[in-house]
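What follows is a single structure, written as structure tokens, with notes after it.
The values are calculated or read from the model by the stated rules, or taken from the named source; none is laboratory data. Please read these numbers as outputs of a predicted model, since none were measured by experiment. Cβ placement follows ideal geometry from the backbone for every residue including glycine, while neighbour counts extend to all protein chains displayed. Ligands, DNA and RNA are excluded from the accessible area calculation, which covers all protein heavy atoms including side chains. Shrake-Rupley method; radii C 1.70, N 1.55, O 1.52, S 1.80 Å.
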Amino acid sequence: LMQIFKLNQSHYQNFQQPSEGAMQRTNIADLLRAVVSDLQNPASAKQLKVACEIERIESAPVQNGEIIGDPWLLTLTIYNLLDNAIRYSKPNAETIEVDLSFSRDNWILVIRDHGAGISTVDLEAIRSEDLSANPENQRINGIDFVKYALRLHHGNLDVQSRLGEGTTVTLTVPI
């Protein structure tokens with residue numbers, strides 16, 4: 001999984017070809033559980049707990065977590081965001097909260113950490129519509145990858161953060 005973050009710019013341009021985004025029936029709840037499980041060791045190494053909750057909403061058409069999406073891109077997206085939450089949390093910090101819920105039209109993933117937070121300058125860059133803040137950059141920025149995957153899924157990214165208090169990342173994606 002980490003190899004995706006080590007690709008150079010030319011490969012990234014090939015990655016964005018229209019054939020990308022092999023949409024199929026996939027279970028977002030199962031993908032989330034697998035990523036949380038995969039990242040338990042890095043979290044434990046920092047004495048962090050990751051709490052994962054999946055909320056079923058009766059009026060939602062999706063009760064079992066099955067959506068249409070690219071399972072590979074969604075897995076890497078969730079992995080990237082949860083890995084960042086673990087990486088930027090202090091050892092023995094409060095529990096990292098991962099919540100998946102379903103509304104009538106969307107699935108919503110919220111990852112909340114109590115880590116270092118993000119500066120207002122960096123937050124502005126994250127909220128920017130540009131895929132890369134620096135076109136000369138030869139590396140894929142993890143948040144650029146998340147934006148790319150969400151764009152293919154017609155989803156939205158919201159990032160709220162305060163320095164020293166932590167970050168909350170919310171993905172809202174149509175079912």
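Inclusion of residue 87 among residues that are surrounded by fewer than 16 Cβ atoms within 10 Å (Cβ to Cβ) and over 19 Å from the mean Cα position of the chain (by Cα) is not warranted. Residue 27 falls short on exactly one of the conditions (1) at pLDDT 85 or above; (2) touching a strand residue (DSSP E or B) at 6+ places or on another chain (Cβ under 9 Å); (3) closer than 27 Å to residue 114 by Cβ; (4) not hydroxyl-bearing (Ser, Thr, Tyr), and that condition is (3).
Would you tally the residues in segment 142-171 being in a strand (DSSP E or B) and open to solvent by 40 Å² or more (accessible area, probe 1.4 Å)? Step through it out loud before you land on a result.
Here is the first cut: in segment 142-171, the residues in a strand (DSSP E or B) are 156-162, 166-171.
Restricting the remaining residues to those that are open to solvent by 40 Å² or more (accessible area, probe 1.4 Å) gives 156-158, 160, 162.
Residues flagged as in a strand (DSSP E or B) and open to solvent by 40 Å² or more (accessible area, probe 1.4 Å) within segment 142-171 amount to 5.
Inspection of segment 156-164 finds a residue satisfying the criterion of being at pLDDT 95 or above and of a type in the set (A, V, I, L, M). Which of the residues that make up segment 24-53 are open to solvent by less than 40 Å² (accessible area, probe 1.4 Å), of a type outside the set (S, T, N, Q) and not in a helix (DSSP H, G or I)? If the condition is that a residue be open to solvent by less than 40 Å² (accessible area, probe 1.4 Å), of a type outside the set (S, T, N, Q) and not in a helix (DSSP H, G or I), then 39, 48, 50 are the ones that fit. Restricting attention to segment 97-111 and to residues that are modelled with pLDDT of 95 or more and crowded, with 19+ Cβ neighbours inside 10 Å, the residue that is nearest to residue 87 (Cα to Cα) turns out to be 111.
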